[in-house]
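Bear in mind that the values in this text are calculations on the coordinates, not laboratory data. Computed from a predicted model, the values in this text were never measured in an experiment. Note that each Cβ is placed from the backbone with ideal geometry, even for glycine, and that neighbours are counted across all protein chains shown.
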Amino acid sequence: MILNLSGQSKKASGIVLRDARELSLMREAGRIVAKVHEAMRQAVRPGVSTAELDALAEDIIRSHDAIPTFLGYHGFPASICTSINDELVHGIPSPERVLKEGDIISIDVGATYRGWVGDSAWTYPVGAISQEAKALLEATEGALWAGIAQARADHRLGDISATIQRHVESRGFSVIREYSGHGVGRQMHEPPKILNYGQAGTGIRLRPGMTLALEPMVAAGHWLTRVDADGWTVRTQDGSLSAHFEHTIAVTDDAPVILTAL
Ligand code: MG
Ligand code: MG
């Protein structure tokens, strides 16, 4: 459901268009998320547990008068998602999960500030990583930037999807089909669904004021996933490495604005 509390927002294709005041609040939420990622980048190293990362992230979010969006979301028990190696998304932080040299860890962070959500994920190397892991991270981050470049007024949603897919597949990796990006604003997940695969020139037309979370999720092997017995952790079925990069952005009259950056 989309809440529209300002009374000033308009809609296009059923999607809320945010005004300047709303965008500045989302920018604040996004900045807090970016600060968490800055801290994660420095804290990720061999020997650190994912529970320690979670505690650090929660501290930073709360010290900025924000709320960890994920905590309690459909019952999720932590403030961030930490997904290691073949784990793709929704991994639960734990004192028993200790990072080791050569791992890759995807950290997904959400912060709600004055009712507005920022959502961003990044996959970090733990010490020195394999050539395959490096290539996977480069391909997935590159796909995010390529997708963001397509997020311009009068482009269509499918232009983003097709660009992400082409970027990933041309590098020999596969895009996950079972999870996607999304609109974001008052709620973490709002319309539209933003697939990481599709056809250019299809889908809704992008409009200034749309706020979107673009998030390529990529497997080094096959894109099929499964969910662990914990009900949360999503991993590749074939055990191949996976990566996840996400920014919350705003479509404008000009270039897209990244809300989850410092
Ligand atoms: Mg996220
Ligand atoms: Mg998201």
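Between Lys11 and Glu96, the modelled label-to-label distance comes to 4.6 nm, taking each label 7 Å out from Cα in the direction of the beta carbon. Peptide packing: for 46-57, 90-101, the average count of neighbouring Cβ atoms within 10 Å per residue gives the ranking 46-57, 90-101, highest mean first. Counting charges near His64 (Lys, Arg +1; Asp, Glu -1) among other residues having Cβ under 15 Å from its Cβ returns a value of 0.
Could you compute the net charge surrounding Asp54? Neighbours are other residues with a C-beta less than 12 Å from the C-beta of Asp54; K and R count +1, D and E count -1. That works out to -3.
What whole number of Å gives the distance from the Cα centroid of segment 66-104 to the Cα centroid of segment 191-262? Centre-to-centre distance over Cα atoms comes out at 18 Å.
For the chain, the Kirkwood hydrodynamic radius from C-alpha pairs, put into Stokes-Einstein at 25 °C and a viscosity of 0.890 mPa s, yields a diffusion coefficient of 135 µm² per second. Computed from phi, the 3J(HN,Hα) profile of segment 236-241 under the Karplus parametrisation 6.51, -1.76, 1.60 (θ = phi - 60°) reads 5, 5, 8, x, 6, 4 Hz, with x in place of Gly and Pro. Note: relative contact order over the chain, using C-alpha pairs below 8 Å and six or more positions apart, is 22 percent.
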